[in-house]
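As structure tokens, the structure follows; a few thoughts come after it.
The values are calculated or read from the model by the stated rules, or taken from the named source; none is laboratory data. All of these numbers come straight from a predicted model, not from anything done at the bench. Virtual Cβ from ideal backbone geometry, glycine too; neighbours counted across all protein chains shown.
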Amino acid sequence: MSPDALLDLALEATRAAGARFAEVRLVSRRRERLTFRDAALDGAVDERDRGLGIRALVGDGWGYAGTHRLDAAGVRAAAESAVRAASAIGGAAPVVLPAPITGRYATPVVEDPFAVPIGEKLALIGAADSAMRETSAVERAGSAFKGSRAELSALRTETRFRTSHGTDLEQSVTLSGAKLAAIAVSSSDFQIRSYPKSFEGNVLQAGFEVVRALDLPGRAPQLADEALALLEAEVVPAGRRTLILDGSQLSLQIHESVGHPTELDRAFGEEISLAGASFLLPERLDSLRFGAERVNLVADATTPLGAGTFGFDDEGTPATSTPLVRDGLFVGYLSGRDAAARLGRPSASALRAESWYGLPIVRMTNVNLLPGAGTLDDLIGGVDDGLLLSANKSWSIDDLRLNFQFACEIAYEIKGGRRTGRIFKNPVYWGRSPEFWGNCKAIAGPEAWEMWGWLFCGKGDPVQIMHVGHGCAPARFDDVGFGARS
Amino acid sequence: MSAPRDDAFARLDDALAAGRVAGADHVEAVFRGQDAALLRIGDGHITQAQRIVEARIVVRAIVGGAAAIASTTDLSSDGLSACARTAAERAALLPRPSEPVELPPPAATPPGQVDAWDDATAALEAGEKARWLAPVLAAHERDGLALAGRFHTGVRSLGVRSTLGVSAWHAGTFCDLALSTLERPAGHRASSFRARYDRAARLEVLSALADETRAECRRARDPVDVEPGCYDVVLAPTAVADLLDWFGAIGFGSEAFDDGRSFAQGRFGEAITGACVTLTDDGLMGEGPGVPLPIDAEGQPRQRVTLIDQGVVRGSVWDSSGARRHGCAGTGHATGVDLFSTGGASPMHLALAAGTSSLDALLGQVRRGLFITRFHYVNGLIEPKRAVMTGLLRDAAFLVEDGRIGRAVRPIRFTEAILEAFARIPGRDGIGAALEPHGGINADGKCTVCPALYIPAFAFTSGR
């Protein structure tokens with residue numbers, strides 16, 4: 001069956017089963033993930049899935065069904081399941097249906113990541129591993145240098161979206177990214193240094209050109225040196241100090257303490273079953289001081305390179321940019337159409353689904369911290385006694401998104417406006433979200449502003465995984481709590 | 001039961017044949033299926049209802065000792081051929097590795113028999129679930145309370161065939177039930193939580209859990225602040241499961257051994273925690289409750305593995321490749337490929353051995369401390385060699401004074417080295433006698449069975 005015929009059949013079957021409105025999504029995904037251990041390919045995975053998601057409206061209740069069965073019987077069964085599911089829901093508020101639209105979107109890609117020969121990818125990681133092993137620190141370290149780890153990711157999601165009222169959309173989103181890490185161990189310690197970011201690395205909406213631009217071999221020696229040096233380093237003393245976060249960690253700080261609490265379904269108490277609620281209750285909109293006046297945050301689904309960029313969200317709303325925090329004041333939410341309507345506001349184009357096998361829920365797009373002025377060195381120059389932290393190691397935040405505690409891979413000591421060269425291991429910092437953002441004393445400028453992509457944001461129940469973006473420049477926070485030793 | 005298995009095996013055999021035609025020396029094909037229905041509840045009403053029908057075949061092709069994996073949800077002959085060809089052609093392009101990949105042969109003994117199926121649970125649809133929930137929702141509204149939660153049921157199946165002759169199949173039902181009772185605004189005031197992960201859905205279990213959360217939520221009103229510091233704690237099984245989920249991953253996952261960050265590495269035969277702590281992984285769920293899974297993603301029988309015996313590290317879990325790499329025998333714990341994992345082994349069915357005490361007896365050992373029903377957002381990556389974890393209280397938690405539960409307390413953060421904390425459990429009378437099964441948050445089939453624990457001097461490091 002052609003995609004058009006399949007979508008038509010799904011719409012017709014859903015209406016015939018009793019829906020007053022239906023959305024159908026035909027989603028094809030391809031994901032390539034190459035993992036490397038000491039330059040050897042440890043995992044070569046090429047995943048493809050294709051399926052249909054149907055969202056049916058009965059009264060004011062939405063029901064959802066997803067199926068991989070794309071024959072007529074499978075489509076009709078899914079349509080009936082979606083309508084039965086919708087019939088079990090009363091609906092929290094009257095649903096206002098959108099006017100039909102048509103459109104197309106595709107990620108600008110210079111070099112298709114799926115077309116790059118595997119040999120080139122192996123050579124790139126091999127060169128990085130060799131560069132690591134050629135450092136004098138590694139040569140001296142013996143078995144303390146455990147080796148390198150690397151990962152290359154590519155993801156493409158192609159979506160056809162139609163509604164029973166005539167909306168017809170088509171989009172293709174491509175992500176590419178990489179990570180390189182060095183590991184050092186002793187009998188009682190494990191240390192890791194990652195570039196450009198820990199876990200999956202940095203994954204951006206682009207082709208393989210963003211991987212080449214990372215210069216993994218050029219950054220490899222520093223990773224190995226620092227991982228080994230961390231084995232001998234001290235832990236950050238407990239106390240309160242000035243903190244500078246680089247983008248690899250600040251992006252996660254934004255994610256956890258700004259992105260999640262500004263999800264409107266959380267604020268309405270509809271994500272309690274797993275993730276929790278939010279300290280940003282609707283009655284605090286436009287009145288709560290979230291941070292210092294210099295703090296401006298937006299949910300922008302149009303940011304170039306953003307892992308949360310698209311043409312249309314998964315209920316067909318065109319991508320928008322929505323202020324979340326303006327001059328330090330809490331002014332907006334991430335939302336979909338229905339939730340936003342309950343506040344009398346337009347959708348923030350943030351209703352997204354992992355794939356056809358998940359119903360769309362409110363998700364982050366690109367939650368960005370707008371730039372200030374100056375460079376990272378300018379920020380450091382203003383600090384008399386502080387620490388610069390990089391690369392996340394551990395993350396935890398309470399169910400209202402207030403109390404957070406993060407650990408990073410490394411802390412660089414700052415004294416008298418300069419880096420001293422001393423480093424600390426396992427740096428742990430903690431705080432409360434509004435006070436932390438209230439103590440934001442400086443944000444570097446546009447020249448230091450970068451996009452950071454996170455592939456594995458979990459939300460929903462069962463959890464759906466979503467790729468989201470965070471644009472930011474390094475920022476300074478004063479009076480931050482350090483150390484949480486048991 | 002035989003029709004789904006036979007159909008899956010026919011498609012797996014198509015994939016094996018296509019892989020061989022495409023030049024693979026050996027091929028393994030894995031079928032993963034799910035037909036699951038979900039209701040979610042938020043702020044006192046049903047907010048989401050869905051049904052997902054999903055089947056995927058994962059093909060691992062080996063050429064000259066190099067392995068490549070491809071997967072597809074297109075189970076037509078053409079779809080499977082394309083998938084197998086992708087895997088085989090990709091494997092052929094890879095350099096011969098220093099550690100050639102070998103598929104495991106068929107196991108000498110078949111997997112253990114498990115009771116994993118419940119017809120009524122397999123058939124449970126949204127409408128029937130809504131009828132089960134209606135009186136619970138009404139009771140909450142009468143009390144001015146909000147209900148939240150998930151009611152997720154269905155069927156999961158796993159089948160494996162390989163050109164070495166492996167042939168394994170399992171299908172089972174599950175019910176993943178979680179209920180929270182909350183004062184409004186939900187999440188900001190008193191709340192209580194109960195969850196159960198089992199092979200069958202039962203109305204009486206749902207009703208009993210809801211009665212418990214309503215009663216406990218009432219007791220949790222008007223919480224007080226407690227200062228950070230060390231408190232003797234009694235952890236309900238839900239809270240213990242939160243810790244064990246991370247404990248298993250950072251201590252006994254094969255990737256932790258590959259990276260050198262496991263706290264168990266190089267310490268087999270050594271006491272690493274308290275002598276009353278015995279931890280096993282048992283996919284047959286020999287302790288009774290829970291959701292069993294007798295085979296792994298390589299079609300091998302899941303063995304019951306003693307990880308810690310009376311505080312001493314005795315073993316870990318392995319897939320075939322990890323076992324070869326680390327000089328151990330495979331234990332049937334291959335996770336297979338998913339969004340988070342490119343393979344390896346991980347504990348999926350941890351069971352902490354029961355002790356001798358009732359919950360009241362555990363509380364009776366506390367002169368001044370806390371009773372904790374649940375943790376939130378635990379993370380075990382701070383110092384994995386010491387199993388240092390952090391997380392927060394969530395939902396009902398109470399002061400305990402002279403063995404009696406007192407005022408509710410507001411959330412506070414712990415940061416604690418769990419090996420050292422478990423070493424402080426005073427003995428088997430510091431461990432509950434009753435076991436509860438709990439699922440993992442990713443709905444990935446993980447099932448942990450554990451009792452309540454009494455742990456002296458648990459470290460809390462910051463307040464909310």
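Within the range A:134-170, the residues that satisfy the criterion of being more than 21 Å from A:Asp314 (Cβ to Cβ), buried (at least 17 other Cβ atoms within 10 Å of the Cβ) and either β-branched (Val, Ile, Thr) or more than 14 Å from chain B (Cβ to nearest Cβ) (or both) are A:Thr135, A:Ala137, A:Val138. Restricted to the range A:390-436, the set of strands (runs of 3 or more DSSP E) holding at least 1 residues that are modelled with pLDDT of 95 or more and either closer than 14 Å to B:Gly391 by Cβ or under 23 Å from the mean Cα position of the chain (by Cα) (or both) comprises A:403-415, A:428-432.
Cβ-Cβ contacts under 8 Å between residues 6 or more apart (or on different chains), taken from a first residue in the range B:251-273 that is of a type in the set (Val, Ile, Thr) to a second residue that is assigned to a loop (DSSP other than H, G, I, E, B) and at pLDDT 95 or above, are listed as B:Ile272/B:Phe263; B:Ile272/B:Ala264; B:Ile272/B:Gly311; B:Thr273/B:Gly311.
None of B:Ala139, B:Ala201 is under 25 Å from the mean Cα position of the chain (by Cα), more than 14 Å from chain A (Cβ to nearest Cβ) and farther than 22 Å from A:Ala275 by Cβ except B:Ala201. For the range A:20-48, a residue qualifies if it is in a strand (DSSP E or B), of a type in the set (Lys, Arg) and either in contact with a Leu (Cβ under 9 Å, 6 or more places away or on another chain) or more than 7 Å from chain B (Cβ to nearest Cβ) (or both), and the qualifying residues are A:Arg25, A:Arg29, A:Arg30, A:Arg31, A:Arg33.
Among the numbered criteria (1) surrounded by fewer than 24 Cβ atoms within 10 Å (Cβ to Cβ); (2) charged (D, E, K, R); (3) in contact (Cβ under 8 Å) with a residue 24 or more places away in the chain, which single criterion is violated by A:Glu409? Failing condition for A:Glu409: (1). You will find that of A:Trp356, A:Trp395, the residue that is within 14 Å of another protein chain (Cβ to nearest Cβ), touching a residue at least 12 places away in the same chain (Cβ under 8 Å) and surrounded by fewer than 22 Cβ atoms within 10 Å (Cβ to Cβ) is A:Trp395 and no other. Scanning the range B:45-66 for residues that are surrounded by fewer than 22 Cβ atoms within 10 Å (Cβ to Cβ), facing chain A (nearest Cβ under 9 Å) and more than 23 Å from the chain's Cα centre (by Cα) yields B:His45, B:Ala66.
In the set B:Asp35, B:Asp6, B:Asp14, which member is more than 14 Å from chain A (Cβ to nearest Cβ), closer than 25 Å to A:Val75 by Cβ, touching a residue at least 60 places away in the same chain (Cβ under 8 Å) and charged (D, E, K, R)? The conditions single out B:Asp14. Given the structure, is A:Leu402 more than 9 Å from chain B (Cβ to nearest Cβ) and touching a residue at least 12 places away in the same chain (Cβ under 8 Å)? Judged against the criteria, A:Leu402 is not a match. The residue of the range A:288-318 that is farthest from A:Ala92 (Cα to Cα), among those that are acidic (Asp, Glu) and in a loop (DSSP other than H, G, I, E, B), is A:Glu293. Residue count for the range A:116-148, restricted to those that are aliphatic (A, V, I, L, M) and within 28 Å of the chain's Cα centre (by Cα): 6.
Within the range B:220-257, the set of residues being in a helix (DSSP H, G or I), in contact with an Asp or Glu (Cβ under 8 Å, 6 or more places away or on another chain) and either polar (S, T, N, Q) or surrounded by fewer than 22 Cβ atoms within 10 Å (Cβ to Cβ) (or both) comprises B:Thr238, B:Ser254. With respect to the stated conditions, B:Ser180 is in contact with a Gly (Cβ under 6 Å, 6 or more places away or on another chain) and either of a type in the set (S, T, N, Q) or closer than 30 Å to B:Arg324 by Cβ (or both).
Residues considered: B:Ala433, B:Ala397. Of these, the only one that is surrounded by 24 or more Cβ atoms within 10 Å (Cβ to Cβ), of a type in the set (A, V, I, L, M), more than 10 Å from chain A (Cβ to nearest Cβ) and more than 20 Å from the chain's Cα centre (by Cα) is B:Ala397.
Across the range A:9-49, the qualifying residues are those that are farther than 27 Å from B:Ser81 by Cβ, at pLDDT 95 or above and aliphatic (A, V, I, L, M), and the one among them that is surrounded by the most Cβ atoms within 10 Å (Cβ to Cβ) is A:Val24. From the set of residues in the range A:319-337 that are in contact (Cβ under 8 Å) with a residue 24 or more places away in the chain and in a strand (DSSP E or B), which is surrounded by the most Cβ atoms within 10 Å (Cβ to Cβ)? Here the residue is A:Leu334.
Of all residues in the range A:189-199, one or more are more than 19 Å from A:Thr107 (Cα to Cα), surrounded by fewer than 22 Cβ atoms within 10 Å (Cβ to Cβ) and touching a helix residue (DSSP H, G or I) at 6+ places or on another chain (Cβ under 6 Å). When A:Ala341 is tested against the conditions (1) in a helix (DSSP H, G or I); (2) of a type in the set (A, V, I, L, M, F, W, C); (3) crowded, with 24+ Cβ neighbours inside 10 Å; (4) out of contact with any helix residue (DSSP H, G or I) (no Cβ under 8 Å at 6 or more places or on another chain), the lone failure is (3). Report yes if B:Gly332 is farther than 18 Å from B:Phe268 by Cβ, within 19 Å of the chain's Cα centre (by Cα), within 14 Å of chain A (Cβ to nearest Cβ) and not hydroxyl-bearing (Ser, Thr, Tyr), otherwise no. Judged against the criteria, B:Gly332 is not a match.
For the range A:34-78, the set of residues classified as of a type in the set (Val, Ile, Thr) and either under 20 Å from B:Thr73 (Cα atoms) or under 25 Å from the mean Cα position of the chain (by Cα) (or both) consists of A:Thr35, A:Val45, A:Ile54, A:Thr67, A:Val75, listed by residue number.
Yes or no: the range A:50-69 includes at least one residue that is surrounded by 22 or more Cβ atoms within 10 Å (Cβ to Cβ) and among the charged types (D, E, K, R). Taking every residue of the range A:50-69 in turn, at least one turns out to be surrounded by 22 or more Cβ atoms within 10 Å (Cβ to Cβ) and among the charged types (D, E, K, R).
For (1) free of Cβ contacts under 8 Å to residues at least 40 places away in the same chain; (2) surrounded by 22 or more Cβ atoms within 10 Å (Cβ to Cβ); (3) of a type in the set (S, T, N, Q); (4) not in a helix (DSSP H, G or I), each residue gets a yes or a no:
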| position | (1), (2), (3), (4) |
| --- | --- |
| A:Gly207 | no, yes, no, yes |
| A:Pro217 | no, no, no, no |
| A:Ala220 | no, yes, no, no |
| A:Ala227 | no, yes, no, no |
| A:Ser251 | no, yes, yes, no |
| A:Ser257 | no, yes, yes, no |
| A:Asp265 | no, yes, no, no |
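Residues being modelled with pLDDT under 95, among the β-branched types (Val, Ile, Thr) and surrounded by fewer than 21 Cβ atoms within 10 Å (Cβ to Cβ) are represented in the range B:440-451 by at least one member. Out of B:Ala168, B:Ala108, B:Ala126, one residue alone is out of contact with any Phe, Trp or Tyr (no Cβ under 7 Å at 6 or more places or on another chain), aliphatic (A, V, I, L, M) and surrounded by fewer than 17 Cβ atoms within 10 Å (Cβ to Cβ). It is B:Ala108. Under the condition of being surrounded by fewer than 22 Cβ atoms within 10 Å (Cβ to Cβ) and charged (D, E, K, R), the residues counted in the range B:283-316 number 4.
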